[in-house]
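One structure is given here, and the rest of the page talks about it.
The values are calculated or read from the model by the stated rules, or taken from the named source; none is laboratory data. Since the model is a prediction, treat every value here as computed from it, not as a measurement. All Cβ positions, even for glycine, are placed from backbone atoms using ideal geometry, and neighbour counts span all protein chains on display.
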Amino acid sequence: MDIAELISKYGFPIVAAVGLGYFVYYIWVWATKEVQPILDEAQVTLIALIDRIRMLDNDLIRLNQKLNTVLQLRGKEITEENRQELIDELEKQQEEKPKPKGFKYK
């Protein structure tokens, strides 16, 4: 049977509804077999990345607290204007310190 015979026998709305039903079924099968496994894998990757970002954020918070503590112990007031200057000063002091020499083996 071709489409013209089906339309003349059952009518266009019935044939169109059956065709759309098959289309929905085909898309559902494609989505569950092809797309769902890829989405599951991407979700696992996304969760791992979010965990890493949280760890980095926590590390930045800890480093910022340590920097504030060091600057407060040195008696310098921390403001947004002089924060970078104080950081540069600390880095310069770290570079000026003599680096320990390694042990020489005989």
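Tell me, yes or no, whether region 59-72 has at least one residue that is surrounded by 10 or more Cβ atoms within 10 Å (Cβ to Cβ), more than 30 Å from Asp2 (Cα to Cα) and modelled with pLDDT under 80.
Yes; the residues of region 59-72 include at least one that is surrounded by 10 or more Cβ atoms within 10 Å (Cβ to Cβ), more than 30 Å from Asp2 (Cα to Cα) and modelled with pLDDT under 80.
Residue by residue through region 1-17, note down the ones that are of a type in the set (Gly, Ala, Ser), part of a helix (DSSP H, G or I) and surrounded by 10 or more Cβ atoms within 10 Å (Cβ to Cβ).
Ser8, Ala16, Ala17
Suppose the filter is free of Cβ contacts under 8 Å to residues at least 60 places away in the same chain and either surrounded by fewer than 10 Cβ atoms within 10 Å (Cβ to Cβ) or touching a strand residue (DSSP E or B) at 6+ places or on another chain (Cβ under 9 Å) (or both); does Ile38 pass it?
For Ile38, the condition - free of Cβ contacts under 8 Å to residues at least 60 places away in the same chain and either surrounded by fewer than 10 Cβ atoms within 10 Å (Cβ to Cβ) or touching a strand residue (DSSP E or B) at 6+ places or on another chain (Cβ under 9 Å) (or both) - is met.
Counting only residues that are modelled with pLDDT under 70 and in contact with a helix residue (DSSP H, G or I) (Cβ under 7 Å, 6 or more places away or on another chain), how many does region 73-88 have?
Number of matching residues: 2.
Every residue in region 18-34 that is of a type in the set (Gly, Ala, Ser) and surrounded by 11 or more Cβ atoms within 10 Å (Cβ to Cβ), please.
The answer is Gly19, Ala31.
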